[in-house]
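Structure record follows, encoded as structure tokens.
The values are calculated or read from the model by the stated rules, or taken from the named source; none is laboratory data. Note that this is a predicted model, so its numbers are computed, not measured. FYI the Cβ positions are ideal-geometry reconstructions off the backbone, even for glycines, and counts take in every protein chain you see.
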Ligand code: B12
């Protein structure tokens, strides 16, 4: 019998399964069925697996070994609260995003009564508190911990990742509290140093241990091995593996992955992003090597409003408004006119999402003339850009859409890739590569090499 | 014993003269302070953000290129806004363009919120011993 591994993604609308032959490093079957998390996740899963069984002859043995990721039941919803917006709040935000979370709120300074009520009403899966460098400010995080401690059952998981000196007092605050409070290293132990890895791990462990249980996703474990991470996290794992390689097998080097979805657009960059010119000064927080941003206002089905606002400045194809309304109702582009509208929106999404993710250069004029100041990561040198997500993969103009991720001479201050090779995740296997990377990294890398299509 | 006071150093604006602030940082460290060294070309906003996050006790700012007044135009208002009114503020270097009479320049910088203003080529070790420690003690920070 061939060594077949099943990799599953529980999405909010679809449950997807990929069966990979590990010896041949080949996709042998795929299935896609509507998700059934609201009622019983195992129903949809069972159906998808039946389809795979019919095509491959695999059975219980393989299913027991299957690994999954999930963005079902709202994904991993987090609220972050730090002190200074540009420092510890941003650090917490980056940590949460890097762990595959959906950040539904990000707060700074001491939380007010109104803010804490807002957070409670949003009932996030996890509240992440940061604030103060180690040995620095203690007041803000202690205040915020005490605010959170007084909330009801809507908030049950709290991660403390701030000034270590404040931890003893925070422990005292939560002593007789029923909340699950976890302590990890400071996301910003000193100025200019971002340390998000321990916090990432804590978030993911919590996801695996508690959150999938609470959302009913863990029931899948009756059939498969485990649900090990949120889906965006699987994509980020894949991106890192593809960039860095594994062992002797070299990777692609620095890269960007853009995942255009119905509700949001995710951008992942794996790159240090150091300035291209040595005389450039870096302002603000040094961003992480593996950076993920989520543009919650850029989706091609659910979040069209912002896109439409941006479209106002451009020429639109005929019947634009009526056609866009159709997309909103779930219609897929079919006629030439519809396709033209869809293309325009896809290109715009790509352009805006990558521009927000990339760093920028500012020219400051001083007594000696110009000084270049860089905010965020310089991605101009990047040689690999990978597009995934339905709107890109299923478009007839994939190259044109992806080209909107690139550097533009008419806006040279935004540091996007100048001359990269473009790839498409045609089989939608990036999440599977990320899952597989946890157990068979070398094979996962080969799988990516085989199925990412250069366009 | 109280923990060592936290002092922020750096040159303000787009001043690239980094040697002086390095010497200042070293002297502070040798004297047992906890130093957050921001290096050269630090914006006024960054000084404020960092002071908040590190709960700093003082900023020892440097400016050699003569543009300090321009760089610090709204600094005092901003730092009060940020709740840092109680933090000690020193500045040293070549504060204006050309040769100048420090006595004439000092009040202008005091107005910008600085507790102490130093003329060019001030001996930093003497400042730490005579002024900084005294001021921190007065504020109950040492
Ligand atoms: C080296 C130097 C440079 C180097 C800097 C290298 C580097 N990476 O730092 C380079 C060549 C890059 C340079 C460039 C320029 N420079 Co220049 N430079 C000097 C020079 C010769 C020495 C500065 C120095 O490093 N001194 C050694 C250090 C250890 O001393 P310090 O900085 O004074 O610091 C000591 C004390 O002042 C004190 N201190 C410092 N900060 C503080 C703060 C507090 C709170 C306290 C208590 C004490 C304190 O402690 C330190 C240790 O004792 C001075 C002339 C001079 N002799 O000062 C000119 C000088 C500072 N430069 C000057 C000028 C004009 C420029 C340029 C504008 C020239 C140009 N047109 O290109 C540029 C500006 C660049 C920029 N964006 O900032 C002028 C400034 C004129 C003014 N203020 O009126 C000076 C004074 C020369 C002059 N006489 O004209 N410069």
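Tabulated data for the structure shown
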read-out: Filter result (closer than 18 Å to residue A:351 by Cβ and crowded, with 18+ Cβ neighbours inside 10 Å) within region A:266-296; value: A:266, A:267, A:268, A:269, A:293, A:294, A:295
read-out: Some residue of region A:328-343 being assigned to a helix (DSSP H, G or I), modelled with pLDDT under 85 and under 29 Å from the mean Cα position of the chain (by Cα); value: yes
read-out: Residue list for region A:378-403, filter: touching a helix residue (DSSP H, G or I) at 6+ places or on another chain (Cβ under 9 Å), assigned to a loop (DSSP other than H, G, I, E, B) and modelled with pLDDT under 95; value: A:395, A:396, A:397
read-out: Residue that is farthest from the ligand (Cβ to nearest atom), among those in region B:6-38 that are closer than 15 Å to residue B:91 by Cα and part of a loop (DSSP other than H, G, I, E, B); value: B:38
read-out: Hey, residue B:77 surrounded by 15 or more Cβ atoms within 10 Å (Cβ to Cβ), without any contact (Cβ under 8 Å) to a residue 24 or more places away in the chain, more than 8 Å from the ligand (Cβ to nearest atom) and away from every other protein chain (no Cβ under 14 Å) or not; value: no
read-out: Criterion violated by residue B:20 - all others in (1) crowded, with 21+ Cβ neighbours inside 10 Å; (2) within 14 Å of another protein chain (Cβ to nearest Cβ); (3) farther than 22 Å from residue A:135 by Cα satisfied; value: (2)
read-out: Any hit, region A:234-252, residues being part of a loop (DSSP other than H, G, I, E, B), crowded, with 18+ Cβ neighbours inside 10 Å and assigned by TED's automatic domain parsing to the domain that holds residue A:331; value: yes
read-out: So residue A:133, is it at pLDDT below 95, out of contact with any strand residue (DSSP E or B) (no Cβ under 6 Å at 6 or more places or on another chain) and assigned to a helix (DSSP H, G or I); value: no
read-out: Filter pass, residue A:161 being in contact with a strand residue (DSSP E or B) (Cβ under 8 Å, 6 or more places away or on another chain) and at pLDDT 95 or above; value: yes
read-out: Selection status of residue A:383, away from the ligand (no atom under 16 Å from the Cβ) and touching a residue at least 60 places away in the same chain (Cβ under 8 Å); value: yes
read-out: Selected residue [within 20 Å of the chain's Cα centre (by Cα), assigned to a helix (DSSP H, G or I) and assigned by TED's automatic domain parsing to the domain that holds residue A:118] from A:199, A:167; value: A:199
read-out: Test: residue in region B:49-59 that is within 12 Å of chain A (Cβ to nearest Cβ), more than 15 Å from the ligand (Cβ to nearest atom), part of a loop (DSSP other than H, G, I, E, B) and touching a strand residue (DSSP E or B) at 6+ places or on another chain (Cβ under 7 Å); value: yes
read-out: Pair list, Cβ under 6 Å, 6 or more apart: region B:18-38 residue under 20 Å from residue A:136 (Cβ atoms), other residue assigned to a helix (DSSP H, G or I) and away from the ligand (no atom under 13 Å from the Cβ); value: B:35/B:29; B:36/B:54
read-out: In region B:83-92, residue farthest from the ligand (Cβ to nearest atom) [restricted to those that are crowded, with 17+ Cβ neighbours inside 10 Å and either modelled with pLDDT under 90 or within 14 Å of another protein chain (Cβ to nearest Cβ) (or both)]; value: B:84
